[in-house]
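The structure appears below as structure tokens.
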Amino acid sequence: QARAEAYLDGVLEEGQVLTVEPGLYLQPDDETLPPELRGIGVRIEDDLVITAEGARLLSGGLPRTPDAVEEWMGQLLGG
């Protein structure tokens, strides 16, 4: 029941937070892909807060590269 005027035509205001979440999802039945890639998905979520100066990325301190994510997850899981 979302209305265009609340989103498409809306104005971002100071203090509002939004999530940007691009994703890539590979279908499990896509035979054009190698079997090990079928059915996986990758999504990166970034949270931004609207400020008087523009926007501030709240998730900027998170790792971005595959190696950095694996290292971070290893640390979290005690490995």
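The values are calculated or read from the model by the stated rules, or taken from the named source; none is laboratory data. Bear in mind that the values here come from a model prediction, so they are computed numbers and not experimental data. Here the Cβ is made from the backbone with ideal geometry for all residues, glycine too, and neighbour counts use every protein chain on show. Each accessible area value is taken on the protein alone, full model and side chains, heavy atoms only, with ligands, DNA and RNA left out. Shrake-Rupley method; radii C 1.70, N 1.55, O 1.52, S 1.80 Å.
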Amide H within-cut-off set for Ala55, under 5 Å, with H built and near neighbours excluded = none
request  = Tally up the carbon and sulfur contribution to the accessible surface of the chain as a whole percent, 1.4 Å probe, everything protein left in place.
outcome  = 54 percent
ask   = Roughly how big is the stretch 14-77's charge dipole about its Cα centre, with Cβ charges of +1 (Lys, Arg) and -1 (Asp, Glu), in debye to the nearest 20?
value = 140 debye
task = Report Thr51's accessible area, 1.4 Å probe, all protein chains in place, as a number in Å² to the nearest 10.
result = 40 Å²
key: the stretch 14-77 - percent relative contact order, Cα under 8 Å, separation 6 or more   = 30 percent
query = For the chain, which trypsin sites (Lys or Arg not before Pro) are both in a DSSP coil and crowded by at most 15 other Cβ atoms within 10 Å?
reply = Arg3, Arg38, Arg64
request  = Sort the chain into rounded, prolate or oblate with this rule: let a ≥ b ≥ c be the square roots of the eigenvalues of the Cα gyration tensor; rounded if a/c is under 1.5, and if a/c is not under 1.5, prolate when a/b is larger than b/c, oblate otherwise.
outcome  = oblate
query = To the nearest 0.05, what FRET efficiency results for Gln16 and Glu45 with a Förster distance of 22 Å applied to their C-beta separation?
reply = 0.85
ask   = Roughly how much of Leu77 is accessible, in Å² to the nearest 10, using a 1.4 Å probe?
value = 140 Å²
inquiry  = I want to verify a result. In a Gaussian network model of the chain, Cα cutoff 10 Å, which of these has the top mean-square fluctuation: Gly60, Gly39, Gly15?
reply    = Gly39
key: Filtered GluC sites (Glu not before Pro), the stretch 1-32: DSSP coil and at most 15 other beta carbons within 10 Å   = Glu13, Glu14, Glu31
note = Phi angles of the stretch 63-76, converted by Karplus (6.51 cos²θ - 1.76 cosθ + 1.60, θ = phi - 60°) into ³J(HN,Hα) in whole Hz with x for Gly and Pro, give x, 10, 8, x, 4, 5, 5, 4, 5, 4, 5, x, 5, 5
